[in-house]
Each structure stands twice: as structure tokens, then as C-alpha cells.
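The values are calculated or read from the model by the stated rules, or taken from the named source; none is laboratory data. Please read all numbers here as calculations on a predicted model, not as lab measurements. FYI the Cβ positions are ideal-geometry reconstructions off the backbone, even for glycines, and counts take in every protein chain you see. Note: areas computed on protein heavy atoms with side chains; ligands, DNA, RNA excluded. Shrake-Rupley method; radii C 1.70, N 1.55, O 1.52, S 1.80 Å.
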Amino acid sequence: ALELIDFKNALEEFQNLVEKMIIQKTKESSGLYTKDDDEIDYDKFHTTIQTLFGPAVKDQNIQAFFRKIVSNPDEKPEWLEIFGCFLGESDGTSSPSKESMVFLESEKQQITHSVVKRKDVIKGIVKVPLLHFTVTASQRGVLTVFSKQRKSFFSYSFYFHQDTAWITGCDFLPNLKYVVAVTESTVILWDYKSKERQNNGFVIKPMKNCLLCVSTVTASGHLAKDTILMGDDKGYVYLLTMTNDDFIMKQSKAEKESQFKFMDAEAFNMPKRKLHDDWVVKVQYISALKRFASCSTDSINSFVLDDINRLEDNLPVKEFSVPKGVNAFTYCGKAKVIVTGG
């Protein structure tokens, strides 16, 4: 919150500086300007920008922004350009590089460990900031946790062997400390902390429809359980709540030469509601809004944003339509907007 307030104040000061420059350049062009101690030249402009934003800005972007104001004060550049972010076509004074960002990370590290074999692809990647690790799931069944410890990455991989079903998404259960992944017909729960190679995973099956996406509901005050959102190829969104007791009470015996204990999907109270008339491409719980969201390739019921209780009743939901549907969405807390991609 403090970072947000500081940035907002810095941005206001920056915009005031630009307004003063525009007034100064306009007066200069009309011959009405008289130089004084308040004159803003490039050195003063550069020093002020560095004071406001620090290393988040580069010298070439400051120069480009300054030149734009000097050359055409009637058309004020967008403030994003001071960080190297450009809207629309460039006029040739500067070009965005691959490294351009609003906020630059001081340190980058590449994970060179190969977690998938040839002809396999990563289908899900989830960052878990509180535990400093990243979870990935490959289409052919490799679940991996990259843990950042002692300034290096350690990986823990787990192979879910299946004949035909492919993994379609993954997430992390923060309270139960399990990795959750979905395939076309099952829900996988992997205890990545287990030192035993055998019996360190659970599979919930059979699921009647093909599962396409999964997401965890983040809510405080429930340390002994986690809630999971899932979407399928028939337009349904599911709500599955798991507790520690479920791993004891609802498991069946593991099959021979299997790493998994099986749980019957019928043993769970799993509310579901048909919200779309086509594939549910993504589901997510947006904790800042206390709402869940789901999107679909459906042109009529393309995007839904509502209280999670709507999955357990038949009350109308808030939704909107987009031609050819919505394939992706994200929420930005600072701008308080939801952006969709079709």
C-alpha cells in the first residue's frame, strides 16, 4: 500500500513537472518567456525524474521523453513512455527494447533444469510468493516444484503416468500444502513434501466431463481446508472443498505399482453450475474483489464475475458477451480494471 501511495505521489509530481515544461516551451515559441531560476532544462528534468522514480527509468527514455515535449509541446507524451512503455507507433525518437518494463527487477535467474522431455509442453505455471517457489505441470504428467533456497533453485519432480489423459492445468493449495492438477478425467493432489516415492499422491476420479482448468480460492481463516475451482468442456464450473480428513477418510487402496491412492469423486460434495455454453478456458478467484471469474469461448456467456455462492444456487450471475468469446483475463489491482483477451 505504501509503495502504491508513493508511486501515485511521484506520478503526480512528474505530471506537474511536465505541465510546467509545456507552459515554458509554449511561451518560448511565442517569444513571451523570460529565463529565470525556475527554468527547466534537460539537466534539471533528468535529475528530477531520477529523484522521483530512481533506477526504474533509463537515460535513453528520459532523453526521448524530453525531446518529444521540446519538439511538440501541444501533444504531451503518455507518462508510460518515461519507463520505456509505448502506446501505438513510435515516431522514431526511441524504440522499446525487449527489456523495457515499468519496474525493473534488479536480479534475474534462469532455470536451466529440464523438467520435460521432447514432445512434452508446460501446460501450467504458478508462482507461490509466500513459499518462494514455482509450480509447473507438463501436458504428459510431470509436476515440478522449483524451490528458491540459498539463492539457487532446487526442483522436486513427480511423474503422473497415464495412458491417454493429459494434464490441462495446475495450482497450489496454500493451507493443505498440496499441488493440485487436473487432467481430462481426474483431479491430482500431490504431496510434494513427502519423502516417500510411493503413495505421495491422490487421484479423484472419475470426473464425468473433461476438465480444462483449475484455480485455488484464496481465503483467510480456514487453515485446515482449501477450496478449488475447476472448469470443463461442457461449460460447468465446479467447487471442490478439501480438508486433511478427506485424505484419511475418503481414500481407497492404491493400485499395484501405483504412486497414488484413489478417491471416488462421488464421495465428495462437489457443487457445479453451467455458466457457459462452450469450453471454460480459465477460472480464477480474485481475492481483492471477493469474486470468482470464469471465461469461455461462448459468444453469449463469455465472461462471468460474481460471488462464489452463485455456484451453489440458481440466482442470476453478472456476465457479459464478447463475439467469439474470451480466452484469457487478468485483474490489475492498481488500475482496478479487468482486462480480457478474445
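Within segment 79-93, is there a residue that is touching a Ser or Thr at 6+ places or on another chain (Cβ under 7 Å), modelled with pLDDT of 85 or more and surrounded by 15 or more Cβ atoms within 10 Å (Cβ to Cβ)? No, segment 79-93 contains no residue that is touching a Ser or Thr at 6+ places or on another chain (Cβ under 7 Å), modelled with pLDDT of 85 or more and surrounded by 15 or more Cβ atoms within 10 Å (Cβ to Cβ). Here the strands (runs of 3 or more DSSP E) wholly within segment 259-334 that include at least 2 residues being open to solvent by 50 Å² or more (accessible area, probe 1.4 Å) and within 13 Å of residue 231 (Cα to Cα) are 272-274, 280-286. Looking across segment 130-154 at every residue that is in a strand (DSSP E or B) and loosely packed, with under 14 Cβ neighbours inside 10 Å, the one that is modelled with the lowest pLDDT is identified as 152. Of all residues in segment 33-72, exactly one satisfies the criterion of being farther than 18 Å from residue 10 by Cβ, surrounded by 15 or more Cβ atoms within 10 Å (Cβ to Cβ) and among the polar types (S, T, N, Q), namely 63. Taking the conditions (1) in a helix (DSSP H, G or I); (2) at pLDDT 75 or above; (3) surrounded by fewer than 13 Cβ atoms within 10 Å (Cβ to Cβ) in turn, residue 5 satisfies each one other than (2). Please work out if residue 313 is more than 25 Å from residue 123 (Cα to Cα) and at pLDDT below 90. No; evaluated as a whole, the condition is false for this residue.
Any residue at all in segment 324-331 that is assigned by the TED database to the domain that holds residue 243, at negative phi and touching a Leu at 6+ places or on another chain (Cβ under 6 Å)? No, the conditions are met nowhere in segment 324-331. Being part of a loop (DSSP other than H, G, I, E, B) and within 15 Å of residue 80 (Cβ to Cβ) is the filter here; which residues of segment 37-69 pass it? The answer is 57, 58.
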